[in-house]
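The block underneath contains the structure these notes are about, expressed in structure tokens.
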Amino acid sequence: MGWLKIGYDGIDAEKERIARLSGPNRFWMKEGTKREIVLIDDEPACVYEHSPKINGSWNNAFTCLKESSDIIPCCEKLGERDRYYCGHYTIVDITEPTDAKNAKYQHEIKLLPTKLKTLSLLRRKKGDRGSLIGCIFNVHRDSKDDPNCGSEFEFQREAKLEGLFPLVTFKGKKLVDLYKEAAEKPEVMARLKDTFQLTLDAEGKIVPKIYSFNYEKILAQKTPQEIRSMLGSAQVESDGGQEGSKSPKDDNVPF
Ligand SMILES: [Zn+2]
């Protein structure tokens, strides 16, 4: 009986389901602020996205179905011009925390979504340097019209990624601890495999380092049904694919 479970066996499965519900935190910055990030990769994973405001929240980016399906509820509902080309990178946000709440999320590994303007900028930086992996950048966003992932990337220095690794957190949990947990619990291992492009050693343990996100999984398209139910009843507003504009006010990460 799928809908009824007697006993406690369902608890761990439910905890896993909740942990998987929302993907990685997406890097986003307020206008007039400066942040410091380290790039973990430098070949962006590019898709067409929609990012509608649903019930007051901007935290709903998802991959457009147009490239792979004849049924395209996203473009039907939001308009084809709503979708935008977006390149994703894996970064670690190393901005100095301003209070204790932020401190929990310092060194958080995040997805950096970039639209055309920032993508072109990073392509040029990569051309200049050869590689951006491990590079520390100061990122600025001056005005509201600037891309919300930052308009200026100022190279600082190269980070020592082995030194950074023990500090890195994923949704507030240290990667080192998550890797340890994965060695004991197959469901945690399965989730981490779906989240990161892991390398395992001969004993099947995760080689301790910082990995890029598993883009194929985390950017995977939802089904037309899922998109329909997401966009169906709710109050939905399109952002028109603008570079700046949106602000995920209810972002669960407080910076
Ligand atoms: Zn679409």
**Prompt:** Which fully enclosed helices (runs of 4 or more DSSP H) of the stretch 1-119 have 2 or more residues being exposed (fewer than 14 other Cβ atoms within 10 Å of the Cβ) and touching a Pro at 6+ places or on another chain (Cβ under 6 Å)?
**Reply:** 100-103
**Prompt:** Do the conditions hold for residue 70, that is, is it away from the ligand (no atom under 16 Å from the Cβ), over 19 Å from residue 157 (Cβ atoms) and modelled with pLDDT under 95?
**Reply:** no
**Request:** May I ask you to list the residues in the stretch 159-178 that are surrounded by 15 or more Cβ atoms within 10 Å (Cβ to Cβ), over 15 Å from residue 213 (Cα atoms) and not hydrophobic (A, V, I, L, M, F, W, C)?
**Result:** 174
**Request:** Inspect the stretch 140-147 for any residue being modelled with pLDDT under 95, outside any loop (DSSP other than H, G, I, E, B) and over 20 Å from the mean Cα position of the chain (by Cα) and give the result as yes or no.
**Result:** no
**Message:** Being more than 16 Å from the ligand (Cβ to nearest atom), out of contact with any helix residue (DSSP H, G or I) (no Cβ under 9 Å at 6 or more places or on another chain) and free of Cβ contacts under 8 Å to residues at least 12 places away in the same chain: is that true of residue 18 here?
**Reply:** yes
**Request:** Please work out which residue is nearest to residue 40 (Cα to Cα), limiting yourself to the stretch 87-102 and to residues that are more than 12 Å from the chain's Cα centre (by Cα) and touching a residue at least 24 places away in the same chain (Cβ under 8 Å).
**Result:** 94
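The values are calculated or read from the model by the stated rules, or taken from the named source; none is laboratory data. These numbers come from a predicted model, not from an experiment. FYI the Cβ positions are ideal-geometry reconstructions off the backbone, even for glycines, and counts take in every protein chain you see.
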